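Working notes for the structure below.
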Amino acid sequence: MKRDIINIDEEKCTGCGLCVPNCHEGALQIIDGKAVLISDLMCDGLGACIGHCPEGAITIENREAQPYDEVKVIEIMVSKGFNTVVAHLKHLREHNETGFLKQGMGYLVENEENLPFSVQAVKDAVHTEPKPANGSSCGGGCPSSQTVVFNPEELKLAPKGENGSSASQLRQWPVQMHLINPLAPYFRGADLLVAADCTAFTLGDFHQNYLKDKSLVIACPKLDSGKEIYLEKLITLINEAKVNTITVLMMEVPCCGGLQQLVQMATLRASRKVPVKAITVSIRGEVLEEEWV
């Protein structure tokens, strides 16, 4: 059959791999230093990978190709874990592919007893993404969750002005735990800072002394819903992104301890070992405790 499907210009492709984690169907791999479409039936032709290619090597063409098969794709997705399944189904939802979305969900429901995660958790993650306040649609996905890697040159300490301000040390966007993609390139091998939402407002030196040279995720263990999703993402960051260290930055209030518990639970369930440092901050911005746990 003729349908839209991606085409990769090998001359332009540098093999950087940025397109691979952004192909939710798993249709792309780096082989012999080039991005390769490994199966027509896994490519939905929607082009989520295109915007992540810095060389413009990926385009969409209409050609003879095997029909896309959602059941075969979701079977492969399950073996890759909860976050990959959620990313794939969100991708279908955002492009109004309701037929494929129903097929994928149907497969999960029929095979729930054999899944390593709950179908309800998948449904919650796929359908509860925040929407713009004005109710408008963000075509192709809300900008709040669009992956952005900042230029390292812009992170250098800026000259202090009269107000004593210095440059932001934020390396990426997004930062909220529900919005991040744990397989984004800036998490690979990174020193990870898992910060409670309030800490940046209490610590005057947050950027220079805590965020600098780290990738960031933020969460509120008391107010945020979907803790199971957080746990799965932390496990993926440890096992697949292979983060180097994790620093948990939390407030002295009792509910904030839930953030450290989530991280420690993830380290227990993960197949890799990773050093974890816990830092507790007072509501006045004083460091009360700092230790490797």
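The values are calculated or read from the model by the stated rules, or taken from the named source; none is laboratory data. From a predicted model like this one, the values you see are computed outputs, not experimental measurements. Cβ placement follows ideal geometry from the backbone for every residue including glycine, while neighbour counts extend to all protein chains displayed. Note: areas computed on protein heavy atoms with side chains; ligands, DNA, RNA excluded. Shrake-Rupley method; radii C 1.70, N 1.55, O 1.52, S 1.80 Å.
Taking R0 as 22 Å, what FRET efficiency do you get between CYS16 and ALA270 from their Cβ-Cβ distance, rounded to the nearest 0.05? Show your work: numbers first, answer last.
Values: r = 27 Å, r/R0 = 1.22.
Calculated transfer efficiency: 0.25.
Counting heavy atoms of the protein chains only and a 1.4 Å probe, report the per residue accessible area for the range 1-140 as a whole number of Å². Don't skip to the answer; put the middle values down first.
Values: 7240 Å² over 140 residues.
Computed with neighbouring chains in place, this is 52 Å² per residue.
How tilted is helix 70-80 with respect to the longest principal axis of the chain? Cα atoms for both, answer in degrees (0 to 90, nearest 10). The answer is roughly 30 degrees.
Heavy-atom accessible area with a 1.4 Å probe sorts ARG284, ARG188, largest first, into ARG284, ARG188. In this rough spin-label picture, where each label sits 7 Å from Cα along the Cβ direction, the ALA167-GLU55 distance is 2.8 nm.
Where nothing but the Cβ of Lys and Arg (+1) and of Asp and Glu (-1) is charged, how large is the charge dipole of the range 196-237 around its Cα centre, in debye to the nearest 20? It would help to have the intermediate numbers written out before the result.
On the way: 5 positive and 6 negative charges, 6 e Å.
Using only the charged Cβ atoms, the result is roughly 40 debye.
Identify the residues of the range 200-238 with backbone N under 17 Å of a label point that sits 7 angstrom from the Cα of LEU288 along the Cα-to-Cβ direction, or state none. Hits in the range 200-238 for LEU288 at 17 Å: 200-204, 221-222. A P(r) calculated from all alpha carbon pairs of the chain, with 10 Å bins opening at zero, reads 6, 25, 32, 24, 10, 3, 0 percent. Extending 7 Å from the Cα toward the beta-carbon at both SER118 and ILE38 defines two label points whose distance is 3.2 nm. Among beta bridges identified by DSSP and lying wholly in the chain, the antiparallel ones come to about 50 percent.
Give me the percent of the accessible area of the range 1-123 that comes from carbon and sulfur atoms, probe 1.4 Å, all protein chains in place. List each step's numbers first, then the result.
Working: 2850 of 6010 Å².
Solvent-exposed carbon and sulfur of the range 1-123 make up 47 percent of the total.
For the pairs LYS72/LYS233; LYS72/LYS123; LYS102/LYS222; LYS12/LYS212, flag any whose C-alpha to C-alpha distance is greater than 31 Å. The partial results should precede the final answer.
Numbers: LYS72/LYS233 24 Å; LYS72/LYS123 20 Å; LYS102/LYS222 33 Å; LYS12/LYS212 34 Å.
Violating the 31 Å Cα-Cα cut-off are LYS102/LYS222; LYS12/LYS212.
Here the Gaussian network model covers the chain, with springs between Cα atoms less than 10 Å apart; of ASN209, ASN244, ASN22, ASN209 fluctuates the most. The residues of the range 161-293 expose, per residue, 47 Å² of accessible area to a 1.4 Å probe.
Provide the gained length on full extension for the span ARG3 to GLU252, in nm with one decimal, where the gain is 0.36 nm per separating residue minus the Cα-Cα distance. Kindly include the intermediate steps, with their values, before the conclusion.
Numbers: separation 249, 0.36 × 249 = 89.64 nm, distance 5.66 nm.
Between ARG3 and GLU252, full extension yields an extra 84.0 nm.
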